[in-house]
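The values are calculated or read from the model by the stated rules, or taken from the named source; none is laboratory data. Quick caveat: nothing in here was measured; it's all calculated off a predicted structure. Neighbour counts are summed over all protein chains in view; Cβ atoms, including those assigned to glycine, are modelled from backbone coordinates with ideal geometry.
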Amino acid sequence: METKQIDVECPCCNSRLTIDVLTRTILKHAPPGQVDETGKQVLDEGRWDTANEKVAGRRSDALDKFDAALGKERSRERDLDDLFEQAKRKAKREPEGEDE
């Protein structure tokens with residue numbers, strides 16, 4: 001199946017949108033000042049650096065989340081043992097067979 005794309009101009013903000021007709025999704029968005037006379041998006045040198053920093057930030061965030069989850073998993077057995085001990089103490093305090 002061949003993808004079909006169309007370029008349209010937003011009537012509200014004059015941005016250039018590239019839309020995939022088959023999936024009905026916006027593939028590209030270019031504000032009015034970032035389009036040249038042919039209608040193509042002007043490449044910004046700083047965009048690569050910004051994207052690279054964003055990806056590096058995601059990697060460090062993922063590592064932080066992984067470390068937090070690993071620490072939680074390591075303490076899980078201890079936490080479950082504590083809950084079990086609390087339940088045992090509670091069961092000993094309550095007299096058996098007490099009905100209202």
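Observations on the model:
- The residue list Ala62, Ala56, Ala30, Ala68 contains one member that is small (Gly, Ala, Ser) and under 30 Å from Ile6 (Cβ atoms), which is Ala30.
- When the range 30-88 is filtered for residues that are at pLDDT below 90 and aromatic (Phe, Trp, Tyr), only Trp48 remains.
- Arg59 being out of contact with any strand residue (DSSP E or B) (no Cβ under 8 Å at 6 or more places or on another chain), in a helix (DSSP H, G or I) and farther than 30 Å from His29 by Cβ: no
- Given (1) modelled with pLDDT of 80 or more; (2) on the phi < 0 side of the Ramachandran plot; (3) charged (D, E, K, R), index of the condition Arg24 fails: (2)
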